[in-house]
Amino acid sequence: MHSLSHFFLLFTASPELPQKLFGLFPFYFASFSDFLAMATTGISYAFFVWLSFGLTYLLLVGLIVWSYYQHKQFKQQLAARLAREQRVKQYQEQQT
């Protein structure tokens, strides 16, 4: 059984962290490779973090593409409807 102090040490960043990234932003990883691996304490969450980022961006791109397609389809349907109404109007004028 792990003691509370061991648990605290396991999930606490090292004392030299946070470092300043570019002198401006706090950076809680010892190196850039640790950032990519998402591991400061030996536990890596990189798979879940990068998977969630990837899925989010994939869904956003999909939403943009789908919205563009729907907008294009709507404009085509509207143009077809207006053309049909114009043809019906011309036909009715010819009949009278």
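The values are calculated or read from the model by the stated rules, or taken from the named source; none is laboratory data. All values derive from a computational prediction rather than experimental measurement. FYI the Cβ positions are ideal-geometry reconstructions off the backbone, even for glycines, and counts take in every protein chain you see.
Tabulated values for the structure
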{"item": "Among the candidates Q95, Q19, residue that is surrounded by fewer than 10 Cβ atoms within 10 Å (Cβ to Cβ) and at pLDDT below 95", "result": "Q95"}
{"item": "Test set (1) loosely packed, with under 10 Cβ neighbours inside 10 Å; (2) modelled with pLDDT of 85 or more; (3) among the charged types (D, E, K, R) - K75 fails condition number", "result": "(1)"}
